[in-house]
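Below is one structure, written out as structure tokens, with a few remarks after it.
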Amino acid sequence: MSRPATRRAWPVLGALVVAALLVVVAAPTYYVNLAVLALVYSLLAMSLNLLMGYAGLTSFGHAAFFGAAAYAAGILSLRYGVPFWPAAAAGIAVGTLLGAAYGILVAGSRGVYFLLITLALGQVTWGLTLRWVSMTGGDNGLPGITRPDLWLGWPLADVRGYYLFALLIAGICVALLALVVASPFGHALRGIRESPSRMRTLGYPVWGYAYAAFVVSAFFASVAGVLYVYYNGFVSHQNMQIAVSAQVALMVIIGGAGSFWGPAAGATLLVFMQNLLSSVTQRWMSVLGLLYIVVVLYQPSGLAGLVTQIRRRRAGRPEERVATPAVLPTAGDRNGWGR
Amino acid sequence: MFWITLVANGVAFGMLLFLIGSGLSLIFGVMRVVNLAHGSYYLIGAYLGTGVAAATNSFLLGIAAGVVATMLLGVVMQTAFLERFGGQILAQVLLTMGFLLLLADLSLWVWGGTPQILAIPDALSGSVRAGGFVFPRYRLFISLLSALVALALYLVLERTRLGAQVRAAVDDPEMAQGLGVNVPRLSTAMFALGAALAGLAGVLGSPILGVFPGADLEILTLALAVVIIGGLGSFPGTLVGSLFVGLADNIGKALFPELSYIAFFAPMALILAVRPRGLFGR
Amino acid sequence: MSIRLRLERVARRFGGLQAVVDFSLTASAGERIAIIGPNGAGKTTLFNLISGELAPTGGRIELLGRDVTRMPPHRRAALGLGRTYQLTNLFPRLSVLENTLLAVVALRPMRYVAWWPLAAYRDPLDRAQALLAPLGLWERRDDPVAELSYGEQRQVEIALAMAPGPTVLLLDEPTSGLSAAETRIVHALLQGLPRTITVLLIEHDMGVAFDLADRMVVMHQGRILAEDTPEAVRRNPRVQEIYLGSA
């Protein structure tokens, strides 16, 4: 509905694409590596944003799908010598199917119950992978996954080549997500975020929408997982932990839940911060812990909220209440939808 | 013999899980807060208790140190941070995630990466023989002590005014506030109690499980399974859920070590599908 | 005349409280029934039972000849049931137009489309304009509903219920909290509803209720106290005593 906003977005989008392509040519290899990670986590954060920002369903178990897809592709490639494309497809299928299974268990919940159940499912999936040593390598993870030997005008084994490949895949996924968000289905998700009871009496099968959103979100998280495992060449239980699920949620919050590009900005910021800071301090985990606390205390509406605030101040409008509830749903949602 | 040991260990572990799960469940019940740092209380309690007990040569002082420190930690978290964000579930869960990371990193800093273990005090080492059966004395001690705590908790919840207020708040926090229950103070009390119980579990668990980086997450995961199986905010639910997870985890580990999580994951998924609010949840 | 809605001895208990007791009612096509009664009489609970947001603890509900007693709310809506809420229940952070579009496409197959922008569909937009323009809200279509005045929100509330084209409409205190001027606007809006729609109206403004209703049901403590024409209800001494009061 925000057509003027879309029109304004075109030059920005063009500049982004140019900048993204410039990275390949101009940036030192270290930063190209970071850029790949930024792409992977941007896609993961945007997939979570579909649930958190649009449907108002705060999942704390998103790493399960990311990790399951990464493990599945990694195991197939490493243990069974499956080539890139079928292994990648199978990885995405496994992550999405896991989403389809867990979706049945969570689609009827809402608010803090949804959070708790997704958290528990994610954690148990993590524990399962950690102990299934013969398949997953347990604590040691799975090292030695090699990048695909493909040639798309550039060898993928080279990080710059892989970056271009990741950019292409992430670009396609983001375009698909943009379509979903603008579609009647995407609008219905926002309606569910605002008032599930009204949606139900208007005639929307709310359970089905929540379920579909969950599966779609798991699908894109799986794509990110496969992109990750082939980039990193290594997957371990660390990629499935609550720390990842929470960090992706933090990326969404830092960027601004419900804003389309915000989570990608949050993801990029966090990836760069993590890698640049870890090179100067051993205590990255503490920094991250403090960051969680600081974000909640000082800027709960994220970068997108910050942008809105600045715009309003520029426009000379008085201090208006920024829509913080947009980002931080309340326990008031707990009157679940249907049981 | 194999089975008896297995069941005894499972019950002891389950009772430890009860100490942790009951706090998680009460905090969720009264405040609707998902406390990700709940496993961290266990971790801090275990490290501190182990350190103090080793330094002073007193198991009791170790317990006291672990319990008091985690209780203070819980109270500070609640009063200085969580309280202001009442009802904002995402803000609260992110705060507790921040504490999870801070406490994990802090313990890694202070105590390093090598697992530590607390020696079983002499009075509790060895085994008890009863009609041909042999029980490790320490595990018996854990089970009995936890059962005593459970009984005390039950009596407080069911028989006292405080307990009635807690039950009212679990049913409906807003209604309870309206009826004159001081929910913020009750919340602080629940945090103090929940953290202290998790800290106690940490000290008690250290001699049999050891304490190591990552124990916080393993314990948190099991405690989550406990409250989901049992039903949130339900006392009998937590007890049943704890014993079930404790037994399933131990027996699973012995029978099919690699897939032991399936032993309680499958029932948990089934319960979620059929009774989303848990076995005893409403 | 065909029966649109039939309630047979419908009941709902909350713990020990009987909110609705043995409530029976039939409503024909195009009929307008006002339900009045003091606060706590069970009127909104009754609406929640009809819409499916609450399950009855006894009795049977038929909508357009079909037993819907156990049917979830969204499927009742698909049969042609619409409702408004006493406490405004909109999508606060979405714009007026987005609110209306959600209601317009609620029952169309296109609601499942996830691969094509909603903005690309012409027809729902026209329908939304047709609904909003008479209310003077088309100019404000891009404002979030949270920024509308209370009176305007009440009008959007009704527009949303009308949008999918219901055959049975439940209106829960459409004029509550409105100024006299705003009440006149909503009153006129309700008078202008097509006579093909069956309307159940909970209303505290007696002027509006007596004017709109063909038939009145007086509820008291979950039961029907009286059911008659507006004139007869007005003269009924028991109703005057219990509800209209001697004040």
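Does C:Leu102 fit the bill of being part of a helix (DSSP H, G or I) and at the interface with another protein chain (Cβ under 7 Å from one of its Cβ atoms)? It is true that C:Leu102 is part of a helix (DSSP H, G or I) and at the interface with another protein chain (Cβ under 7 Å from one of its Cβ atoms).
Among the candidates B:Leu60, B:Leu90, B:Leu102, the residue that is without any contact (Cβ under 8 Å) to a residue 60 or more places away in the chain, among the hydrophobic types (A, V, I, L, M, F, W, C), over 29 Å from B:Gly230 (Cα atoms) and touching a Ser or Thr at 6+ places or on another chain (Cβ under 9 Å) is uniquely B:Leu102. Do the conditions hold for B:Val110, that is, is it at negative phi and within 14 Å of chain A (Cβ to nearest Cβ)? When the stated conditions are applied, B:Val110 passes them.
Given the structure, is B:Gly23 within 25 Å of B:Val156 (Cβ to Cβ), part of a helix (DSSP H, G or I), touching a His at 6+ places or on another chain (Cβ under 9 Å) and small (Gly, Ala, Ser)? Yes; evaluated as a whole, the condition is true for this residue. Pairing residues of region B:223-252 that are away from chain A (no Cβ under 12 Å) and assigned to a loop (DSSP other than H, G, I, E, B) with residues that are among the hydrophobic types (A, V, I, L, M, F, W, C) and surrounded by fewer than 24 Cβ atoms within 10 Å (Cβ to Cβ), at Cβ distances under 6 Å and at least 6 apart in sequence or on separate chains, gives B:Ser234/B:Phe280.
Any residue at all in region A:99-111 that is among the basic types (Lys, Arg) and in contact with a Lys or Arg (Cβ under 9 Å, 6 or more places away or on another chain)? Yes, region A:99-111 contains at least one residue that is among the basic types (Lys, Arg) and in contact with a Lys or Arg (Cβ under 9 Å, 6 or more places away or on another chain).
Name the residues in region B:104-154 that are more than 28 Å from B:Val240 (Cα to Cα) and part of a strand (DSSP E or B), would you? If the condition is that a residue be more than 28 Å from B:Val240 (Cα to Cα) and part of a strand (DSSP E or B), then B:Gln116 is the only one that fits. Of the residues contained in region A:48-60, one or more are found to be in contact (Cβ under 8 Å) with a residue 60 or more places away in the chain, β-branched (Val, Ile, Thr) and part of a loop (DSSP other than H, G, I, E, B).
Taken over region C:208-229, the residue count meeting the criterion of being touching a Gly at 6+ places or on another chain (Cβ under 9 Å) and either in a helix (DSSP H, G or I) or closer than 23 Å to C:Leu131 by Cα (or both) is 0. Screening B:Val67 on (1) within 14 Å of another protein chain (Cβ to nearest Cβ); (2) within 30 Å of B:Ala168 (Cα to Cα) shows it passes everything except condition (1). Take the residues of region C:35-90 that are among the aliphatic types (A, V, I, L, M) and assigned to a helix (DSSP H, G or I): which is nearest to the other protein chains (Cβ to nearest Cβ)? Per the criteria, the residue is C:Ala77. Here A:Val112, A:Val133 are screened, and the one residue that is among the β-branched types (Val, Ile, Thr) and either more than 9 Å from chain B (Cβ to nearest Cβ) or in contact (Cβ under 8 Å) with a residue 60 or more places away in the chain (or both) is A:Val112.
Within region A:220-228, can one find any residue that is within 14 Å of another protein chain (Cβ to nearest Cβ) and either under 23 Å from A:Gly302 (Cβ atoms) or in contact with a helix residue (DSSP H, G or I) (Cβ under 8 Å, 6 or more places away or on another chain) (or both)?
yes
Checked against the criterion of being within 29 Å of C:Ala114 (Cβ to Cβ), out of contact with any His (no Cβ under 9 Å at 6 or more places or on another chain) and without any contact (Cβ under 8 Å) to a residue 60 or more places away in the chain, the candidates A:Ala304, A:Ala210, A:Ala267 yield just one match: A:Ala304.
Of the listed requirements (1) within 30 Å of A:Ala188 (Cα to Cα); (2) touching a Gly at 6+ places or on another chain (Cβ under 7 Å), A:Ala38 misses just one: (2). Exactly one residue out of B:Val34, B:Val7, B:Val67 is under 18 Å from B:Tyr138 (Cα atoms), under 20 Å from the mean Cα position of the chain (by Cα) and of a type in the set (Val, Ile, Thr): that is B:Val7. Of all residues in region B:74-96, exactly one satisfies the criterion of being touching a Gly at 6+ places or on another chain (Cβ under 8 Å) and modelled with pLDDT of 95 or more, namely B:Gly74. Across region C:189-207, a minimum of one residue is classified as at pLDDT 90 or above, in a strand (DSSP E or B) and in contact with a Ser or Thr (Cβ under 8 Å, 6 or more places away or on another chain). Are any of the residues in region A:238-245 away from chain C (no Cβ under 14 Å), buried (at least 24 other Cβ atoms within 10 Å of the Cβ) and touching a Ser or Thr at 6+ places or on another chain (Cβ under 8 Å)? Within region A:238-245, one or more residues are away from chain C (no Cβ under 14 Å), buried (at least 24 other Cβ atoms within 10 Å of the Cβ) and touching a Ser or Thr at 6+ places or on another chain (Cβ under 8 Å).
Taking every residue in region C:105-123 that is more than 7 Å from chain A (Cβ to nearest Cβ) and pairing it with any residue that is buried (at least 17 other Cβ atoms within 10 Å of the Cβ), at least 6 positions away or on another chain, the pairs with Cβ-Cβ distances below 8 Å are C:Arg108/C:Pro124; C:Tyr121/A:Pro184; C:Tyr121/C:Val105.
Would you confirm, using the coordinates I've provided, whether B:Ile262 is surrounded by fewer than 24 Cβ atoms within 10 Å (Cβ to Cβ), at pLDDT below 95, farther than 29 Å from B:Leu106 by Cα and within 13 Å of chain A (Cβ to nearest Cβ)? Answer is yes for this residue. For A:Ser109, only one of the following conditions fails: (1) crowded, with 21+ Cβ neighbours inside 10 Å; (2) in a helix (DSSP H, G or I). What is its number? So A:Ser109 meets the others, but not (2). Scanning region A:125-177 for residues that are over 21 Å from A:Gly61 (Cβ atoms), touching a helix residue (DSSP H, G or I) at 6+ places or on another chain (Cβ under 8 Å), of a type in the set (Phe, Trp, Tyr) and in a helix (DSSP H, G or I) gives A:Tyr162, A:Tyr163.
Residues that are touching a Leu at 6+ places or on another chain (Cβ under 6 Å), outside any helix (DSSP H, G or I) and buried (at least 22 other Cβ atoms within 10 Å of the Cβ) do not occur anywhere in region C:132-146. Looking only at residues in region A:288-311 that are among the aliphatic types (A, V, I, L, M) and more than 13 Å from chain B (Cβ to nearest Cβ), the one that is farthest from the chain's Cα centre (by Cα) is A:Ile310.
Here is a yes/no grid of residues against (1) of a type in the set (Val, Ile, Thr); (2) closer than 13 Å to A:Leu44 by Cα; (3) surrounded by fewer than 22 Cβ atoms within 10 Å (Cβ to Cβ); (4) at pLDDT 95 or above:
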{"position": "A:Val223", "(1), (2), (3), (4)": "yes, yes, no, yes"}
{"position": "A:Gly233", "(1), (2), (3), (4)": "no, no, yes, no"}
{"position": "A:Ser279", "(1), (2), (3), (4)": "no, no, yes, no"}
{"position": "A:Leu288", "(1), (2), (3), (4)": "no, no, no, no"}
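Annotation: B:Ala164 fulfils all but one of (1) over 30 Å from B:Asn57 (Cβ atoms); (2) within 14 Å of chain A (Cβ to nearest Cβ); the unmet one is (2).
Matching residues to (1) basic (Lys, Arg); (2) under 27 Å from A:Ile253 (Cβ atoms); (3) more than 22 Å from the chain's Cα centre (by Cα):
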{"position": "A:Ala20", "(1), (2), (3)": "no, yes, no"}
{"position": "A:Ala27", "(1), (2), (3)": "no, no, yes"}
{"position": "A:Gly67", "(1), (2), (3)": "no, yes, no"}
{"position": "A:Ala72", "(1), (2), (3)": "no, no, no"}
{"position": "A:Tyr80", "(1), (2), (3)": "no, no, yes"}
{"position": "A:Ala89", "(1), (2), (3)": "no, no, no"}
{"position": "A:Gly95", "(1), (2), (3)": "no, yes, no"}
{"position": "A:Gly99", "(1), (2), (3)": "no, yes, no"}
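The values are calculated or read from the model by the stated rules, or taken from the named source; none is laboratory data. Being a predicted model, the structure only gives us computed values, none of them experimental. Note: ideal-geometry Cβ built from the backbone for every residue, glycine included; neighbour counts use all protein chains shown.
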